[in-house]
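The values are calculated or read from the model by the stated rules, or taken from the named source; none is laboratory data. The shown structure was predicted, so the numbers you read here are calculated from the model rather than taken from an experiment. No Cβ is skipped: glycine too gets one built from the backbone with ideal geometry, and neighbour counts run over all protein chains shown.
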Amino acid sequence: MSYHFDTLAIHAGQPNERLTGAATIPIFQTSTFAQDEPGGQPDFCYTRTGNPTRAALEANLAALEGARYGLAFSSGMAAINNVLNLLKSGDHVITCRDLYGGAYRIFTKLYHNFGVEFSFVDTTDPANVARAVQGNTQLVWLESPSNPLLQVTDIAACAEIARAAGAWTVVDNTFATPCLQRPLELSADIVVHSTTKYINGHADVLGGAVITSRDDLYERLKFFQNAVGAVPAPQDCFLVLRGIKTLSLRVERQCANARRVAEFLSGHPRVRQVYYPGLPGHPNHAVAARQMSDFGGIVSFELDDDIDAVRRFVRALRLWTLAESLGGVKSLLCHPPTMTHASVEPNVRRERGIRDGLVRLSVGIEHAVDLIADLDDALRESSLEACCGDRTHEVIAA
């Protein structure tokens, strides 16, 4: 029987526990498992290789993406590294110009040293991907929407180009989540997530995931998972599973709030530009509307191209927390040039449109009116501070 997304989030991979009937998957907090005899092949032998709590999470993640296989990791970067283990010296990767700073760092400062070549192109035009193909191209690595400029790539078009070249398509689906977009249904081969973000949704655990329906890729990725060992602990898997149960409810609210925040910012005189694919003026709005069911909970915008303007704005906020990460129930903001993308060289950042006045908002599930009022007050106060000097304000205690 085929079930809807919300039902899968509650039930997939999580039958009532057989021994006790526990309705919530238990935390199997053990490093090893008893075996019946030497040389046997039990379902579970050692928690690095497999654990019942992790197996439940992996089955659940696969179901949400409409996939056959899921692999869980201790962080999003561990998941990215797992996929890059498919590469060898001399391979070539086509990827986005605008992508997460941690991905850029591992591409350029680790795998580049091993002889892997990377081409950074504007993937929002599939023709750029086609032109970048080489005889040694092995991966097309996409983020859609991208981090932090919310660019949207036509996944199906790029996957077709990759397939014709004999390459695999990988999509980092962290921003969209499987609630809004399922890249495997758009012909991608592999999906990557930082489950730290929306999938867990409560800012209390690190995690990552790699998801595929291809037998050949799964066998290799599963081998790397066990061999390298960057796996999540049972408690972490339990927390991610707990978060998944409310994923669609949270994302629905975050999308609605983000749309209102983006509309407010787009009309504010102090804001130079707003990046949100749900706005009709966004250059990739039509593609986003076609391949996503909603536009996500991240909004980026630019103040003056001046880090001091951002500092004044952040000091004036009361509800929004300056912090790394995104996708939780609590609204956060970050300054990509000094936080998530600090490892990207300044000239590269600016050339790719990540200027010093850029702010990225992760819109939470608070009431939209309160979030917008706080942004409005902070924009006004920081403008006055620029003219009249420091102003103090009372901060709501955490």
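Flag set for F295, criterion: touching a residue at least 40 places away in the same chain (Cβ under 8 Å), among the aromatic types (F, W, Y) and out of contact with any strand residue (DSSP E or B) (no Cβ under 9 Å at 6 or more places or on another chain). Across segment 201-222, what is the number of residues that are buried (at least 24 other Cβ atoms within 10 Å of the Cβ) and part of a loop (DSSP other than H, G, I, E, B)? Final tally of qualifying residues: 2.
On the stretch given as segment 50-79, residues that are out of contact with any helix residue (DSSP H, G or I) (no Cβ under 6 Å at 6 or more places or on another chain) and closer than 12 Å to V192 by Cβ total 5. Counting only strands (runs of 3 or more DSSP E) that sit wholly inside segment 90-196, those with at least 3 residues that are under 14 Å from the mean Cα position of the chain (by Cα) and either at pLDDT 95 or above or of a type in the set (A, V, I, L, M) (or both) are 137-143, 168-172, 190-193.
Candidates in segment 358-379 are the residues that are touching a Lys or Arg at 6+ places or on another chain (Cβ under 7 Å) and over 20 Å from G201 (Cα atoms); of these, the one that is surrounded by the most Cβ atoms within 10 Å (Cβ to Cβ) is L379.
Scanning segment 251-265 for residues that are closer than 15 Å to G328 by Cβ and among the aliphatic types (A, V, I, L, M) yields V251, A258. The residues of segment 335-347 that are surrounded by fewer than 18 Cβ atoms within 10 Å (Cβ to Cβ) and either under 16 Å from Y275 (Cβ atoms) or without any contact (Cβ under 8 Å) to a residue 60 or more places away in the chain (or both), listed by number, are T338, M339, E345, P346, N347.
When A34 is tested against (1) of a type in the set (A, V, I, L, M, F, W, C); (2) touching a helix residue (DSSP H, G or I) at 6+ places or on another chain (Cβ under 7 Å); (3) in a loop (DSSP other than H, G, I, E, B); (4) surrounded by fewer than 19 Cβ atoms within 10 Å (Cβ to Cβ), only condition (2) is not met.
Of all residues in segment 69-92, none are touching a strand residue (DSSP E or B) at 6+ places or on another chain (Cβ under 7 Å), surrounded by fewer than 17 Cβ atoms within 10 Å (Cβ to Cβ), aromatic (F, W, Y) and under 25 Å from V240 (Cβ atoms). Could you go through segment 55-75 and let me know if any residue there is outside any helix (DSSP H, G or I) and within 30 Å of G353 (Cα to Cα). Scanning segment 55-75 turns up at least one residue that is outside any helix (DSSP H, G or I) and within 30 Å of G353 (Cα to Cα). Restricting the first member to segment 250-264 and to residues that are touching a residue at least 12 places away in the same chain (Cβ under 8 Å), and the second to residues that are outside any helix (DSSP H, G or I) and hydroxyl-bearing (S, T, Y), the beta-carbon pairs closer than 8 Å and six or more apart or on different chains are R250/Y198; V251/Y198; Q254/Y198; A258/Y276; R259/Y276; A262/Y276.
Among the residues of segment 373-387, the ones that are at pLDDT 90 or above and hydrophobic (A, V, I, L, M, F, W, C) come to 4 in all. Residues of segment 290-300 include at least one that is surrounded by fewer than 19 Cβ atoms within 10 Å (Cβ to Cβ), out of contact with any Leu (no Cβ under 6 Å at 6 or more places or on another chain) and either modelled with pLDDT under 95 or not aromatic (F, W, Y) (or both). Contact annotation: residue pairs with Cβ atoms under 6 Å, 6 or more positions apart or on different chains, pairing a residue in segment 305-321 that is surrounded by fewer than 17 Cβ atoms within 10 Å (Cβ to Cβ) with a partner that is part of a helix (DSSP H, G or I) and at pLDDT 95 or above, are R318/D374. Of everything listed in (1) in contact (Cβ under 8 Å) with a residue 60 or more places away in the chain; (2) out of contact with any helix residue (DSSP H, G or I) (no Cβ under 6 Å at 6 or more places or on another chain); (3) over 25 Å from V369 (Cβ atoms); (4) surrounded by 19 or more Cβ atoms within 10 Å (Cβ to Cβ), the single unmet condition for G243 is (1). Would it be correct to say that A130 is surrounded by fewer than 20 Cβ atoms within 10 Å (Cβ to Cβ), in the same structural domain as I80 (by TED's automatic domain parsing) and over 30 Å from D236 (Cβ atoms)? The answer is yes for A130. The set of residues from segment 87-126 being hydrophobic (A, V, I, L, M, F, W, C) and farther than 23 Å from T174 by Cβ comprises just one member, F114.
Among the listed residues Q235, Q225, identify the single one that is buried (at least 16 other Cβ atoms within 10 Å of the Cβ), assigned to a helix (DSSP H, G or I) and in the same structural domain as G166 (by TED's automatic domain parsing).
Q225
If you check A368, A309, A316 for being at pLDDT below 95, more than 30 Å from A157 (Cβ to Cβ) and more than 22 Å from the chain's Cα centre (by Cα), only one passes: A309.
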